[in-house]
Amino acid sequence: MNDPRALPGEPLTLDLVNTEFAPDGTLVDLLATAESARSWAAAAGLTGTLDEASLAALRQTRSAVRDALEGRGTVPLNAVLDKARVRLTVSDTLVPARTLQADEPASQSAVLAAESLLELLENGAGPSEICENPDCVLWFFDTTRNGTRRWCSMAVCGNRMKARRHGERKGAATSAGRRPGDSTGRPRTARVAHERLARMSRRQRAGGVP
Ligand SMILES: [Zn+2]
């Protein structure tokens, strides 16, 4: 089966956030239909059936995780986590197990995705980042030693941004497109995926060309 994800290889929680992406400025939502959601879930390693209720829970969790990552509060995320409990068991051969279980089966995938964020935080992982391309809404988990990853993909956004900056240096673009840099000269990435998404969906509703 084809992997529909824009950025495979990220932790489950970012995989969920990245079900909304914008190749070439056009919004794609992998959770828009049950069919596309199922192929995303399979690629992301989620098992279990995906009915309308679990799809709704996933959409809600996607927005909750994005709110948390982008500094708009954690009340929605904690509401999702509130549906989870840890089930403690031990087998006859004395193998202990702790499994995460949602109150309702429909919330199981959503709860796993929310817990994946907690796992990242518990492991002392640095903050997840959004791609520096202002037209990209993908989040990634920076595993480079110095935290220097800037783009979802060097091949796509990295090269695009380098070409753009090269053009700016040559005076082909106005300074309006530039963003202020921090003391290291690295542009500060605003956590604005929701603004980028809103801008794109407005543009699409208006029928405008990106
Ligand atoms: Zn990108």
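Below 15 angstrom from the Cβ of Leu55, what's the summed charge of the other residues (Lys, Arg +1; Asp, Glu -1)? Residues near Leu55 contribute -3 overall.
Hey, quick one: spin label on Gln101, modelled 7 Å out along Cα-Cβ, who in the range 49-65 has an amide N within reach, i.e. under 12 Å? Hits in the range 49-65 for Gln101 at 12 Å: none. First select every other residue whose beta carbon is under 15 angstrom from the beta carbon of Ala102; then total the charges, Lys and Arg +1, Asp and Glu -1. Net charge in that neighbourhood comes out at -1. In degrees from 0 to 90, rounded to the nearest 10, what is the angle of the helix 108-122 Cα long axis to the longest principal axis of the chain? So the helix axis and the longest Cα principal axis differ by about 70 degrees.
Annotation note: trypsin sites (Lys or Arg not before Pro) in the range 68-152 located in DSSP loop regions with a Cβ neighbour count of at most 12 within 10 Å are Arg145. No disulfide-compatible partner, judged by a Cβ distance under 4.7 Å, exists for the following cysteines of the chain: Cys157. Pairs of Cα atoms nearer than 8 Å and 6+ residues apart set the relative contact order; for the chain it is 21 percent. Which angle between 0 and 90 degrees, to the nearest 10, do you get for helix 34-43 versus the longest principal axis of the chain when only C-alpha atoms count? It is inclined by approximately 90 degrees. The simple spin-label model puts a point 7 Å past each Cα toward its Cβ; for Ala53 and Ala163 those points are separated by 4.9 nm. Computed from Cα atoms, the angle from the helix 193-205 axis to the main principal axis of the chain rounds to 70 degrees.
Each reported figure results from applying straightforward, stated rules to the coordinates on display, with no laboratory input. The structure presented is a predicted model; accordingly, all values stated were derived computationally and were not measured. Note that each Cβ is placed from the backbone with ideal geometry, even for glycine, and that neighbours are counted across all protein chains shown.
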